[in-house]
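What follows is a single structure, written as structure tokens, with notes after it.
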């Protein structure tokens, strides 16, 4: 499990931590197939959605085989997967 508090960790550090965690999982023979991202609601933590999207886009573009186009909505991404 990888837990990152974006109120305490800069987005670029969060990207590094997630990529390292994914690499560690793969090295242990447990590559990810589904990545669950959870946290506070935007209404409770203004700006969190944008920050998480930015972090995950960077993680996926660096580590993932599939990337998310900036104009895609969540439902379009899920439909594509």
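Examine region 4-16 for a residue that is modelled with pLDDT under 90 and surrounded by 13 or more Cβ atoms within 10 Å (Cβ to Cβ), and state whether such a residue exists. No: zero hits.
From 10, 26, grab the single residue that is closer than 14 Å to residue 56 by Cα and without any contact (Cβ under 8 Å) to a residue 24 or more places away in the chain. Only one candidate qualifies: 10. The criterion of being loosely packed, with under 12 Cβ neighbours inside 10 Å, at pLDDT 90 or above and under 14 Å from the mean Cα position of the chain (by Cα) does not hold for residue 74.
Summed over region 27-48, the residues that are more than 16 Å from residue 1 (Cβ to Cβ) and in a loop (DSSP other than H, G, I, E, B) give a count of 9.
For region 49-65, filtered to residues that are in a helix (DSSP H, G or I) and exposed (fewer than 14 other Cβ atoms within 10 Å of the Cβ), the residue that is modelled with the highest pLDDT is 50. If only residues of region 24-36 that are within 14 Å of the chain's Cα centre (by Cα) and surrounded by 12 or more Cβ atoms within 10 Å (Cβ to Cβ) are counted, the one that is modelled with the lowest pLDDT is 32.
The values are calculated or read from the model by the stated rules, or taken from the named source; none is laboratory data. A quick note: this is a predicted structure, and the numbers were derived from the prediction, not measured. Please note: Cβ atoms are built from the backbone with ideal geometry, for glycine as well, and neighbour counts cover all protein chains shown.
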